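The values are calculated or read from the model by the stated rules, or taken from the named source; none is laboratory data. Note that the structure is a prediction, hence the values are computed from the model and not measured. Counting neighbours? That spans all protein chains shown, and the Cβs are built from the backbone with ideal geometry, glycine included. In case anyone asks, the SASA skips ligands and DNA or RNA and just uses the protein heavy atoms, side chains included. Shrake-Rupley method; radii C 1.70, N 1.55, O 1.52, S 1.80 Å.
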Amino acid sequence: MKIKPFQALYPNFDFIASPDSFCENAKDTFREFQDSGLYQQFPKTAFYIYQIEDGHRRHTGLVALNDVADFFDGKIKKHENTLSEKEQQQMQLFLRWNAILKPVLLTYPSVPAIENWLQQYIDTAAPLFTTRFEKDGQVHRMWPVTEQKDIEVLRNLFADNVQRTYIADGHHRTTTVAMLHERLRHKNPEYDFDNLFCIFLGADQLDILDYNRVVEGLKHLSPTQFVVKMAKIFEIDPLDTPRRPLHKHELILCMRKEWYSLHWKKEVLESHPGEKVLLDASLLNEQVLDAILGIRDVRTDTRISDIEGSRGIDGVKKAVNASRNRIGFMLFPVSFDDLMQMADADESLPPKSTYFEPRIRTGMMVRMLKK
């Protein structure tokens, strides 16, 4: 990967009472924040080591620019399809802000040499800032890397050891920058559309969480009718208490405050012999949401809601209990190996199949677009 240092903007915490509120409002009021002196620009070109402590461990990565040519050359792998409408919205925001307020999260098979170097650096240097987010108890820290010899070491480590990366968060930001690069780089040379704004986290620095579904599905089906149809494709076992799935190909169903363990029947799993990776989300879309509930397009049908795994069992329970017509499905998290196989084969995962943590907050690291 071809990474590059840059001058980042970051919040001026001397004037910010609540980092939570600041980041929640950054999208709507970035220019006002900037004009009011709530941002400062780091005075040197640098890489930035960024660490998020979330209560159970510390996740450490590197914020940098990445040559957009790596995306066109297939070295930055997608696993989701993007929507042109969202790309248009992103483009308008980037141009309005003259900035990108959140780096794309790229992951890669972990490289001990990179992780050891980052850890050794932060062990011997004080962070430029340390800030706490009260709502979830996270602590964010950042260390700039400015010495030319250190910059060259990092560039070489990534060039020699990271042959491809995978987009964990930021598909639309990536494709929007690529689109701007193709359309505007010659018409608007004062803008830099040649580089992606990224945070790199090795796979062992990330947690892949489940992405669950709540569906307005019982409007035209009674619970008994629904269970009869489900029994044709699942082995169904009632649960005494709610829990998450224990392994791939087990789903958990929540319906009318009752919980069930679902295992795909053997003939369902064997009905896709040519597929290297058989995802529960794909089977759920095909066998249940489409065939039983009539949901043809999970990206646009308003009957379906996606619940991030970070919201837990309570998040699914609360959404389901809001209506007697709702049912919830909890899925086992997609493995990193499955994600890599799909992305390497240029295949897309179903929408909202993966949820990665940690995620850098909007407005914490900003990259200005004008040169």
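Some points to look at:
- Restricting segment 130-152 to residues that are over 24 Å from the mean Cα position of the chain (by Cα) and open to solvent by less than 20 Å² (accessible area, probe 1.4 Å), the residue that is farthest from Leu9 (Cα to Cα): Ile151
- Residues within segment 35-80 that are in contact with a helix residue (DSSP H, G or I) (Cβ under 8 Å, 6 or more places away or on another chain) and either farther than 26 Å from Ile16 by Cβ or acidic (Asp, Glu) (or both), tallied: 8
- Filtering segment 224-236 for residues that are part of a loop (DSSP other than H, G, I, E, B), at pLDDT 90 or above and open to solvent by 50 Å² or more (accessible area, probe 1.4 Å) leaves a non-empty set.
- Within the option set Leu251, Leu289, Leu262, being within 14 Å of Lys229 (Cα to Cα) and modelled with pLDDT of 95 or more holds for one residue only, Leu262.
- Residue in segment 255-278 that is surrounded by the fewest Cβ atoms within 10 Å (Cβ to Cβ), counting only those that are touching a helix residue (DSSP H, G or I) at 6+ places or on another chain (Cβ under 7 Å) and more than 27 Å from Ser323 (Cα to Cα): Lys276
- Leading residue by the ranking (farthest from the chain's Cα centre (by Cα)) among those in segment 178-211 that are surrounded by fewer than 19 Cβ atoms within 10 Å (Cβ to Cβ) and assigned to a strand (DSSP E or B): Tyr191
- Lone qualifier among Asp70, Asp123, Asp54 - being open to solvent by 10 Å² or more (accessible area, probe 1.4 Å) and at pLDDT 90 or above: Asp123
- Residue selected from segment 311-326 under the condition part of a loop (DSSP other than H, G, I, E, B) and not polar (S, T, N, Q), by the criterion most open to solvent (accessible area, probe 1.4 Å): Arg324
- Of residues in segment 268-286 being of a type in the set (S, T, N, Q) and part of a helix (DSSP H, G or I), the one modelled with the lowest pLDDT: Ser282
- Test: Ala231 is under 30 Å from Arg367 (Cβ atoms) and not hydroxyl-bearing (Ser, Thr, Tyr): no
- Whichever residue in segment 19-41 is among the hydroxyl-bearing types (Ser, Thr, Tyr) and within 24 Å of the chain's Cα centre (by Cα) and, among such residues, is surrounded by the fewest Cβ atoms within 10 Å (Cβ to Cβ): Ser21
- Pick from segment 153-177, criterion outside any strand (DSSP E or B), touching a residue at least 24 places away in the same chain (Cβ under 8 Å) and of a type in the set (S, T, N, Q), ranking: most open to solvent (accessible area, probe 1.4 Å): Gln163
- Residue satisfying all of: in segment 289-310; of a type in the set (Gly, Ala, Ser) and in a helix (DSSP H, G or I); surrounded by the most Cβ atoms within 10 Å (Cβ to Cβ) among these: Gly309
Condition check ((1) assigned to a loop (DSSP other than H, G, I, E, B); (2) open to solvent by less than 20 Å² (accessible area, probe 1.4 Å); (3) touching a strand residue (DSSP E or B) at 6+ places or on another chain (Cβ under 6 Å); (4) among the small types (Gly, Ala, Ser)) across all residues:
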residue: Gly328; (1), (2), (3), (4): no, yes, yes, yes
residue: Pro333; (1), (2), (3), (4): yes, no, yes, no
residue: Leu339; (1), (2), (3), (4): no, yes, no, no
residue: Met342; (1), (2), (3), (4): no, yes, no, no
residue: Asp346; (1), (2), (3), (4): yes, no, no, no
residue: Pro351; (1), (2), (3), (4): yes, no, no, no
residue: Phe356; (1), (2), (3), (4): no, yes, yes, no
residue: Arg361; (1), (2), (3), (4): yes, no, no, no
